[in-house]
Amino acid sequence: MSSYKRQISRNLNRAPVVAIVDDDTSVRLAVRRLVCAAGMKAVEYASGEDLIRDFHGRRTHVDCIVLDLHMLGMNGLQIAQWLTQRRAGIPLVFVSGGDEDAVEALGGPADLPWIRKPFDDAVLLPAIEAALKLNHTIRLSGSE
């Protein structure tokens, strides 16, 4: 575990929790393994609707969301908009199996940062760590 991740864990008094929202079971499992091997906790959702149900019930606290852009039902951008409207303040790491045109077709900005599936752990894990660091900064500033 990196030093700033240890600091985040100490300040949160718990391991960071990463939500994985993807309709592909194999992707959720792979990301879960990566996150848990890095000393974090993971919670999985097969759809955006599942995440929203849990969010409404406040059953799980989440520090970062790995969010697939292309899913049945709500897509990743719709989920991001829903979270923004509720001022959730949870950093997002977007992933997609599509190309640039497919991502733009969802209605997102051309410069939306996202990670292409299949992804390398060496790309995804630093993105998650950066999001956790951002979330930690938001919490320290009281802007949550």
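Contact list please: Cβ distance under 6 Å, first residue in the stretch 4-23 and under 13 Å from residue 42 (Cβ atoms), second residue modelled with pLDDT of 95 or more and of a type in the set (Phe, Trp, Tyr), pairs at least six apart or on different chains. Pairs that qualify, where the first residue is under 13 Å from residue 42 (Cβ atoms) and the partner is modelled with pLDDT of 95 or more and of a type in the set (Phe, Trp, Tyr), are 21/45.
Based on what the data block shows, is residue 34 within 26 Å of residue 14 (Cβ to Cβ) and either in contact (Cβ under 8 Å) with a residue 60 or more places away in the chain or not in a helix (DSSP H, G or I) (or both)? Criteria met by residue 34. The residues listed here are 42, 30; of these, the one that is touching a Lys or Arg at 6+ places or on another chain (Cβ under 9 Å) and closer than 19 Å to residue 128 by Cα is 42. Just one of (1) farther than 16 Å from residue 131 by Cβ; (2) surrounded by 17 or more Cβ atoms within 10 Å (Cβ to Cβ); (3) free of Cβ contacts under 8 Å to residues at least 40 places away in the same chain fails for residue 71. It is (3). Restricting 95, 66 to residues that are touching a helix residue (DSSP H, G or I) at 6+ places or on another chain (Cβ under 6 Å) and within 20 Å of residue 37 (Cβ to Cβ) narrows the list to 66. Can you name every residue in the stretch 99-144 that is surrounded by 17 or more Cβ atoms within 10 Å (Cβ to Cβ), at pLDDT 80 or above and either more than 16 Å from the chain's Cα centre (by Cα) or part of a loop (DSSP other than H, G, I, E, B) (or both)? Listed by number, the residues that qualify are 114, 117, 119.
Between 35, 62, the distinction of being surrounded by 18 or more Cβ atoms within 10 Å (Cβ to Cβ), of a type outside the set (Lys, Arg) and modelled with pLDDT of 95 or more belongs to 35 only.
Condition check: of a type in the set (Val, Ile, Thr) and either surrounded by fewer than 17 Cβ atoms within 10 Å (Cβ to Cβ) or in contact with a strand residue (DSSP E or B) (Cβ under 6 Å, 6 or more places away or on another chain) (or both). Does residue 27 satisfy that? Spelling it out, it is not the case that residue 27 is of a type in the set (Val, Ile, Thr) and either surrounded by fewer than 17 Cβ atoms within 10 Å (Cβ to Cβ) or in contact with a strand residue (DSSP E or B) (Cβ under 6 Å, 6 or more places away or on another chain) (or both).
The values are calculated or read from the model by the stated rules, or taken from the named source; none is laboratory data. This one's a predicted model, so the numbers in the text were calculated from it and none came from an experiment. FYI the Cβ positions are ideal-geometry reconstructions off the backbone, even for glycines, and counts take in every protein chain you see.
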